[in-house]
Amino acid sequence: MKNLLMTTALILTLVSSTFAQVDLQFANIDAIMMKQGASKIFRNPKVQNADIQGTPYLQKSFGLAKVENVKQKYYMRYNVYQDEFEFITPKNDTLILDKIKDFSRITFEGLNKKYVLIDYTNSAGKYTNGYLIELYLKGSFILFMKENISFHSGRIAKTSLEKDMPARYSASDNTYYFKNNEKGIIEFPENKKQLFKLFPEKKQEIEVFLKESKVSFSEDSDKVKIIDFLSTL
């Protein structure tokens, strides 16, 4: 009898766990947040000051996107400057998506853009939990791109010969990173000297490859060729 009760309890536990996982895969964003007791952390995006020129978005309009672990699709947009996603709820509210593991992949299907929430050290040497665009995958290597927008504070003219400078957002150059099992996520090299420094033991092979392929470190298509080559080392 005791064994029967233990077996029954185990079956019920497994069934409950299975249904919980299934629910997670087919829930909407609100339901997942409620499961984690974290629905209270949704925030409304800040309203931009009308005097600020430019925009913190590269794509200002909302586009249909698929969030990992969520069956329902949402209209979303990426605030590049704040490094956060905004989404429109079924009640037509605009909220900020919290940065949690369950929502770590967001794909804009029409644009064929996949954002990945990941821990990395940015170009300024600061540890960051943020969104990178996954561009290419080969073997243990992944090529990422970070979109950038800078904010420039305004300046009031001090003399009649000067002009007021309004605050503004402006697009900056993208930053590229790559990941492999040995190096983790690091900034993509800008030249062969930096590449040699990353793989000193493979310098001879790299020199032969660069001489034969004549790749440019600034071209996206050539970054892919470099990743292809590195995956063979």
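The values are calculated or read from the model by the stated rules, or taken from the named source; none is laboratory data. Everything numeric here is computed off the predicted structure, so don't read it as measured data. Don't worry about glycine lacking a Cβ; one is built from the backbone with ideal geometry, like all the others, and counts go over all protein chains shown. Just the protein is used for accessible areas: all its heavy atoms, side chains included, with ligands, DNA and RNA removed. Shrake-Rupley method; radii C 1.70, N 1.55, O 1.52, S 1.80 Å.
A few remarks follow.
- Solvent-accessible area per residue for region 171-233 (1.4 angstrom probe, square angstrom): 63
- Dipole check for region 129-233: with +1 at the C-beta of Lys and Arg, -1 at the C-beta of Asp and Glu, and the Cα centre as origin, the magnitude is about 260 Debye.
- Counting Lys and Arg as +1 and Asp and Glu as -1 over every other residue whose Cβ lies under 9 Å from the Cβ of L64, the net charge comes to +1.
- Sorting the segments 138-144, 218-224 by their residues' average number of neighbouring beta-carbon atoms within 10 angstrom, most packed first, yields 138-144, 218-224.
- Distance in nm between pseudo-label sites at I88 and S123 (7 Å out along the Cβ direction from Cα): 3.3
- Overall form of region 43-123 per C-alpha gyration tensor (a/c, 1.5; a/b vs b/c): oblate
- In summary, the aspartates and glutamates within cross-link reach of K91, defined as a Cα separation below 20 angstrom excluding same-chain residues under 8 places away, comprise D30.
- Placing +1 on the Cβ of every Lys and Arg and -1 on the Cβ of every Asp and Glu, with nothing else charged, gives region 159-218 a dipole about its Cα centre of roughly 160 debye.
- Cα-projected label distance for K158 with E182, points at 7 Å along beta-carbon direction, nm: 5.4
- Phi to ³J(HN,Hα) by Karplus 6.51 cos²θ - 1.76 cosθ + 1.60 over region 68-82, Hz, x for Gly, Pro: 4, 6, 10, 6, 5, 8, 10, 7, 9, 8, 9, 7, 5, 5, 7
- Taking amide H as placed 1.01 Å from N in the peptide plane, the amide H of L97 sits under 5 Å from that of F85, E86, F87, each at least 5 places away or on another chain.
- Residues of type aspartates and glutamates that K214 reaches as a straight line, Cα spacing below 16 Å, ignoring anything fewer than 8 places off in the same chain: E190, E205, D222, D228
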